[in-house]
Amino acid sequence: MLLQQQRKRSRIVKMADSGVTDGNEKKGDIERAKNEGKELTKEEKQRLRKEKKQQKKSKEKKDDKAIQESGKETKGDSSAVSAPQPSTQSTAQKVPAPVSVPAPEAPTPAEKPPKSKAELKAERRARQEAERASKQSKKGDPGPQGAVSKSKAATNELQPVKRLPEHIQVDNPDVLKKLAKKLERQQIPLRLDYGYKVSLFSHLHQYSRKAPLTQQLSIPSTVIHPAIVRLGLQYSQGIVAGSNARSIALLHAFKQVIRDYTTPPNEELSRDLVNRLKPYISFLNQCRPLSASMGNAIKYVKKEISNIPSQCKEEEAKRKLLFCIEWYIKEKIILAAKAIAESSIEKISDGDVILIYGCSSLVNHILCEALEKNRKFRVIVVDSRPRLEGREALRRLVQRGISCTYVLISAVSYILPEVSKVFLGAHALLANGYVMSRVGTSQIALVAKAFNVPVLVCCETYKFCERVQTDSFVSNELDDPDDLIVTRNGQTHLEHWQQEPPLGLLNLVYDVTPPDFVDLVITELGMIPCTSVPVVLRVKNVDQ
Amino acid sequence: MRLPPLSYRDSRSSWTKNTGTDTMELQAVLMAAGGGSRMTDLTYNTPKPMLPVGNKPLMWYPLNLLERVGFEEVIVITTKEVQKMMSTDSKMKRDIKMKMEVVCVPEDGDMGTADALRHIQQKIKTDILVVSCDLITDVALHEVVDLFRAHNATLAMLMSKAHEFTETVPGQKGKKRTAEQRDFVGVDESGKRLLFMANEADLEDGLSVRKSIIRKHPRMHIKTGLVDAHLYCLKKAVVDFLTENKSISSIRGELVPYLVRKQFSKTTNSQKVKEDLEDQTQKKNDCSTNHELLISSRDEPLLQLAQERSCWNDHRGDMSEAYHGGKLRCYVHIMEQGLCYRVNTLAAYIEANRQAPKLFEEPPVHPSAIISERCQVGSDSIIGERCQIAEKTSIKRSTIGISSNVKEKVKVTNSIVMHSVTIEEGCNIQGSVICSNAIIGRGADLKYCLVGNGQRIEPEAPCASLWLTQIRVSAVCVRVCVCVFVFFYVCVRACACVCVHYIDGEVREHGQNRTTRNSTAAACSHTHTHTHTRTLLTREHSHAPFVLSFHTTVAKLILSNRFLHTKTCLCGWNTALCHHLFWISTAERTNEVIVGTDQLMEI
């Protein structure tokens, strides 16, 4: 019985996490939750055991307290009971806040185990939340969404879902505390979140470009290698943007670090160097969340370092590592791009009208190569605010002499009838075949599908990622909301947006495109369907 | 100060220490060898770096700035004299925990800042941060350094909006403030990239901007009213370039404009060299220097690759890549708010003293000062160590230096009193600067005066007196700082008034051409016989190229100020000067016309 309850609860948590609003997606989510529920059972069992133990302890401790607080508890419980039971169909909008928290206690009021402090706290918070929500609904505000995100915080506090990465649990104070501790140990300052976050995204970091991490760093940086500091700044200011550029710059910085490295006495290079890199990586992660490609590159470098035998001389080890990094860049990025260009040129025929979105270095490369192969084609560059990277793509293509048209994403359905192919870049390819890319990509893919235009995604295999993601809410990146502010004719409308409490700015960086909308993925291994990503990943793992 | 605390500063489990390599990110260089040529009144006995500002030596401020942001070492370029004073100064020893490496440069040898850098070239291992000793600021230094880092810049510098000095400055008439020659600073749309730089003095007629800049940056904002804080981040390659190129002697005057210009000069293109054959050799030179300036990273191609892949561009509107493919980039951070003073003039010095208390959180009254209970000390005043302040005194908006002694019934407002000054009973001091070791006699009434080092102002007395000359002769230049004439004058209403007459002539002789350069002379005009007495000190800058001896200058000045009509007692004068003054006085008596080199003067 309890187990079922737990499972139910986990489902709710999942739903809250993903912040589903759409009906269709919800169904999928529920199914997923069911599947995951099965997997979670072991964990859940363990947790249950722990909880029971705790309850016993607290019983002994708080026997007298419980009597005092019993009045309060009954109140709390009654409110819990009165709240609607969480059925699987209950929508997120229905204020599940007070429900999810005290659920396990509700059906067994006879037992009434005395609650731990945290539980009580959570309960109190849930009650407040419910009150607030009711108030807001009276006002006529679309409040419940906020309530959802907050209640989720409460549930998380109660029972942390394990193995969730830190960067998607920003609203969980425990996780933040842990992060702060870790950073303190690594002597990296903690970057503070900036501004008000739009509901459903409170679990993500949101930084301000105007408050760089270097503010809290000593100026001749002693803890962090200067190359890393520079790189971090370039990431956070967007000077180095795009996952290829970021990976190359990262490896370049690593090269400098390795060059300047000498093993301290009584240490082993393979261990010490990895430890040395760790704070650097968490520094970079705070400057801007790492991209999947960078994650893979870091994994590779770490593996290469740990592969170095202990009897290897330092100079030789360093040389080996530098060579490995060079090889990685050459093999995985430069040559891969070449291979992809070669195979995708086959797909470009004379008279094609190709639509591209944003500024993908790989797609640009392909188009330039195709031009050199004397293909006759025309390009439509679709762009979107706030970064307007499309302009850069446009500049590069026009400079090469490719005839281009430039439209904003709002005009995509207008322009699509004349398009014969859509070429898209990717930030990462996920294990379930979803394509993670610049926000807006999925919209373009969707419209292209509707117009029956083939969508080709170009992606090097080093961007393949074992993660699974079905929506853009759970794991994403929030850019500086101030980027959305525009000055036109000397007027800046959103200048004081922070002073308007009902107003939130959302500057989302990525979205995911379901495999249904993608016809083909072009990799250096050849053209594959989206669904073959796990295969490639498996093969890669065997290789390494 | 107001910056967030740096908790990661002391921790040096860092890459630098462990690696044992000498590579650091930045080396700090403090330039503290300047003589303070624009405020010779103050600096002729105390070198500029050691001038007290808020009871701390001036160079304490930049050192503190560096220490606060996390520098652990600094190279101090200074003179022997300053070094000696530094070693005895307790404040410097106690407050500055950085490792200071003092490098002495010969005094008074015309050594520019770039020369100084060349001098210490051996010690420079990496990029440098050059700070001038007269900078007082609360800038968040990371802003400047981040520009340097993020854009891989060759030069990053700090500028600030110029401050209006509202305080009345002793020795300056209201209108006399000829504005300093303005700088024109051109920045791009982001306001960060430094595109253009020119000084009013260099412009002959009108401002001309090169086409190559306009082509690349069609929108350029030219700003005026900015003060260069003399804080520069420079690539190591620049120092190496300096050693190659010996003609550049000053950073601000020559190097910075050169770098700013070079951003847009044609890059190493063989075609271009062919184009104008006439100055081919010069071009070649440029090419080689350019080439030198560019060596920054060993992995240039890789960085280039990352840049190519990145979808970022610093500009839009034309077809060229980020930074227009240029490798040499200069950036500037312009402070919109906050304190930023360069203490290089008397006015700035006074202003800095007023603002200094805001910069550090120390009790304004030093605990070792002895202050009697029945006196008023304003909260905006600073009282130094071991001061003695007697009863019934009132001190407002003033700084009282270390070991000074203020006797009864003294009123000090808006003034700066340096170290070991004695102020006798009943004095009234307003808006004045009193240098170290001076003694102010009983009942003196000083308004907007500047009293030189070790001067003694007699108690109110109907007689006038003149004091002191100092002539310093060094091998290269003859520098004559002349005297403070103090002369008392009892006006109609028996109100004591002190007039401080100050003449400072600076005569420099270069080689065989006996050209007098920058003959700065200041003299007092005269006291008004009105009821409201006020001392006026004038300062005359003669920019015209006089060719005349020092004595004539003095004579001319004295005459032009018409103050010899009162009887003056000449005592304690240097023989030569006395002789000339006598000569003048004879001239006066006979009502003769004295002929200067370029003009007639009538009495």
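Of the residues making up region A:163-174, not a single one is more than 9 Å from chain B (Cβ to nearest Cβ), surrounded by fewer than 21 Cβ atoms within 10 Å (Cβ to Cβ) and closer than 30 Å to B:Thr126 by Cα.
Tell me, yes or no, whether region A:191-203 has at least one residue that is more than 9 Å from every other protein chain (Cβ to nearest Cβ) and buried (at least 24 other Cβ atoms within 10 Å of the Cβ). Yes, there is a match, as at least one residue in region A:191-203 is more than 9 Å from every other protein chain (Cβ to nearest Cβ) and buried (at least 24 other Cβ atoms within 10 Å of the Cβ). Figure legend. Inter-residue proximity from region B:410-431: first residues in contact (Cβ under 8 Å) with a residue 60 or more places away in the chain, second residues of a type in the set (Asp, Glu), beta-carbon distance below 8 Å, spacing 6+ or different chains. Indicated pairs: B:Asn414/B:Glu167; B:Gly431/B:Glu167. Residue-level analysis places A:Ser236 among those that are part of a helix (DSSP H, G or I) and crowded, with 24+ Cβ neighbours inside 10 Å. Every condition in (1) farther than 20 Å from A:Pro514 by Cα; (2) not in a loop (DSSP other than H, G, I, E, B) holds for A:Leu388 except the one numbered (2).
Is it true that some residue in region B:110-121 is part of a loop (DSSP other than H, G, I, E, B) and modelled with pLDDT of 90 or more? Yes, because at least one residue in region B:110-121 is part of a loop (DSSP other than H, G, I, E, B) and modelled with pLDDT of 90 or more.
Within the set B:Met24, B:Met92, B:Met50, B:Met59, the sole residue that is surrounded by 18 or more Cβ atoms within 10 Å (Cβ to Cβ), under 25 Å from B:Val421 (Cβ atoms) and either within 14 Å of chain A (Cβ to nearest Cβ) or modelled with pLDDT under 85 (or both) turns out to be B:Met92.
The single condition among (1) buried (at least 20 other Cβ atoms within 10 Å of the Cβ); (2) within 28 Å of A:Arg191 (Cα to Cα) that A:Ile522 does not satisfy is (2).
Within region B:206-243, the set of residues being within 24 Å of B:Gly325 (Cβ to Cβ) and either in contact with a helix residue (DSSP H, G or I) (Cβ under 6 Å, 6 or more places away or on another chain) or acidic (Asp, Glu) (or both) comprises B:Lys216, B:Cys233, B:Ala237, B:Asp240, B:Phe241. The test for being charged (D, E, K, R), more than 7 Å from chain B (Cβ to nearest Cβ) and out of contact with any Pro (no Cβ under 9 Å at 6 or more places or on another chain) does not hold for A:Arg230. Please enumerate the residues belonging to region B:407-424 that are in a loop (DSSP other than H, G, I, E, B) and either outside the structural domain of B:Ser381 (by the TED database) or over 17 Å from B:Glu373 (Cβ atoms) (or both). Across region B:407-424, the qualifying residues are B:Asn414, B:Ser415, B:Met418, B:His419, B:Ser420, B:Val421, B:Glu424.
The values are calculated or read from the model by the stated rules, or taken from the named source; none is laboratory data. Here the structure is a predicted model, which means the values were calculated and not measured. Don't worry about glycine lacking a Cβ; one is built from the backbone with ideal geometry, like all the others, and counts go over all protein chains shown.
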